[in-house]
Amino acid sequence: MSTSTIDVTALPDAPFGARITGLDPGDISGEDQQRLWQAYRTHHGLLCLSFSKLLTAPELHALTTVFGENEFAPGRVTGFGRKAAEGETELSIEAQVAAIRARGDDPYLAYIGNVNPATGEPTATSSRFFGEWEWHTDMSYIPVPPTFSLLHARQIPPTGGDTGFCSQILAASELPASLRQRIIGLTIKHDSTYTSSGQLRPGMTPPASPIEAAGHIHPILRRVPSTGEEALFLGRRTNSYIPGMTITDSEALLDELWAHATNPRFCYRHRWHTAEVVIWDNRMMLHMRYPMDESEARFMWRTQTRGEAVIPVA
Ligand SMILES: O=C(O)CCC(=O)C(=O)O
Ligand SMILES: [Fe+2]
């Protein structure tokens, strides 16, 4: 007999995704884990979990562990969306982690918002933060990008700040045959210079052109091993470049791919409720954040799981 209290329902009016209720974040059983994985497969990589109160950091980490090993948050340790500052070059990852822990912080937790994580007070925040964010997958500029991201809503504005998700499985399945043929075997260099809200990352300088941009090269069409499906892997548009092409040809093909990949029929727009956790597979979808009012507070915790080498579709 089932002991799991989880209930799974498809998101209404969405091409993918499920709503999960009834999970106790302090007591996730083996059966709960199986049902979460089953819901992940059935509903194509997006799970929206309702909770009655905010999770603690250990609870969010425990939920993250259901989907994989915790990965460093971006901008914390060198090589993960962060370049070494002056005098830091010789610090090992372990030494950086120890320094983060010593100041009472958590290297696996990203704070996303306009609120001081320690005090809950509003912080001075770039106006870019409040505008529309770019479609992207998380940390695609590193050699092994994280597979799952979990976003936990701690403070949500009364309007605005929704998050969009766009299935790159659906986008790949509807690629015109000629376009699919043109991109088999091609790669994209995924730039690490700017965040999704358009801000320069720590230690980065703007490149002269996408050809010079710092980042990692990945196949455009990948296979998702957990389901065997094909997915488009575009990362983000800014400073993206297809190696081996002239910049003009690269820009033209990228524009064509992005126009196809972000077709609204592949997308779902999530309106947040406080305490929710949304879990998504970065191999299967893009995401972006919609604009919000500068006078409002929005604060999320994010975790991510360690990925595996990107598998090209041959
Ligand atoms: O805050 C959001 O809605 C999205 C933030 C984001 O891109 C992320 O957490 O990866
Ligand atoms: Fe993101």
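Values in this text are rule-based calculations from the coordinates and carry no lab data. For clarity, every value in this text was computed on a predicted model and none was experimentally measured. No Cβ is skipped: glycine too gets one built from the backbone with ideal geometry, and neighbour counts run over all protein chains shown.
Give me a comma-separated list of calculated 3J(HN,Hα) values for segment 190-196, in order, Karplus coefficients 6.51, -1.76, 1.60 applied at θ = phi - 60°, integers in Hz, x for any Gly or Pro.
Couplings: 9, 6, 10, 6, 10, 6, 5 Hz.
Compute the Cα gyration tensor for segment 153-199, then decide on rounded, prolate or oblate, letting a ≥ b ≥ c be the square roots of its eigenvalues: rounded whenever a/c is under 1.5, prolate when a/b is larger than b/c in the other cases, and oblate in all that remain.
It is oblate, given that a/c is not under 1.5 and a/b is not larger than b/c.
Per 0.36 nm of contour for each residue apart, how much would the distance between THR21 and GLN199 grow if the chain were fully extended, relative to their Cα-Cα spacing?
60.5 nm
What residues from segment 200-234 fall in the zone where the backbone N is under 20 Å from a label point 7 Å along the Cα-to-C-beta line of GLU132?
200, 234
On alpha-carbon atoms, Rg over Rh for segment 224-314 using Kirkwood Rh?
1.00
Give me the mean projected area, in nm² to one decimal, of the convex hull enclosing the Cα positions of segment 45-141.
Projected over every direction and averaged, the Cα hull of segment 45-141 covers 8.7 nm².
May I ask you to evaluate 6.51 cos²θ - 1.76 cosθ + 1.60, the Karplus curve with θ = phi - 60°, for each residue of segment 153-170 and list the ³J(HN,Hα) values in order in whole Hz, giving x for glycine and proline?
For segment 153-170, the Karplus-derived couplings read 7, 9, 9, 10, x, x, 9, x, x, 5, 10, x, 10, 9, 6, 8, 6, 4 Hz, x marking Gly and Pro.
Nothing charged except the Cβ atoms of Lys and Arg (+1) and of Asp and Glu (-1): what's the magnitude of the dipole of the chain about its Cα centre? Round to the nearest 20 debye.
With only Lys, Arg, Asp and Glu charged at Cβ, the dipole is about 280 debye.
Can you tell me the FRET efficiency between HIS61 and SER226 if r is taken as the Cβ-Cβ distance and R0 is 22 Å, rounded to the nearest 0.05?
E(calc), rounded to 0.05, equals 0.55.
Quick check: the distance between the Cα centres of segment 138-198 and segment 16-93, to the nearest angstrom?
If we compute the Cα centre of each part, the gap is 17 Å.
Let me understand segment 129-288 better: what is its radius of gyration from the alpha carbons, and its Dmax, in angstrom?
15.8, 47
Over the chain, one equal point on each Cα, no solvent: what is log10 I(q)/I(0) by the Debye formula at q = 0.06, 0.08 Å⁻¹?
Scattering profile of the chain, log10 relative to I(0): -0.20, -0.36.
Would you mind computing, in nm to one decimal, how far apart the modelled labels at ARG103 and ARG271 are, each placed 7 Å from Cα along Cα→Cβ?
Those two pseudo-labels are separated by 3.9 nm.
If each residue of separation counts as 0.36 nm, what is the full-extension length gain between LEU91 and ASN116 once their alpha-carbon separation is subtracted?
Taking LEU91 through ASN116 to full extension adds about 6.3 nm, to one decimal.
Please list the non-local residues whose amide H lies under 5 Å from the amide H of PHE80, H modeled 1.01 Å from N, same-chain partners needing a gap of 5 or more.
Amide H neighbours of PHE80, under 5 Å, 5+ apart: GLY75.
Tell me, what HN-Hα J-couplings in whole Hz come from the Karplus equation 6.51 cos²θ - 1.76 cosθ + 1.60 at θ = phi - 60° for each residue of segment 4-14, using x for Gly and Pro?
Each residue's phi maps through the Karplus curve to give 6, 9, 6, 10, 10, 9, 5, 5, x, 6, 10 Hz.
What residues from segment 16-58 fall in the zone where the backbone N is under 14 Å from a label point 7 Å along the Cα-to-C-beta line of SER173?
16-17, 41-46
What does the charge dipole of segment 152-293 about its Cα centre add up to, to the nearest 20 debye, if the Cβ of each Lys and Arg holds +1 and the Cβ of each Asp and Glu holds -1?
260 debye
Based only on other Cβ atoms within 10 Å, what is the fewest-to-most ordering of ARG128, ARG35?
Least to most surrounded, the residues fall as ARG128, ARG35.
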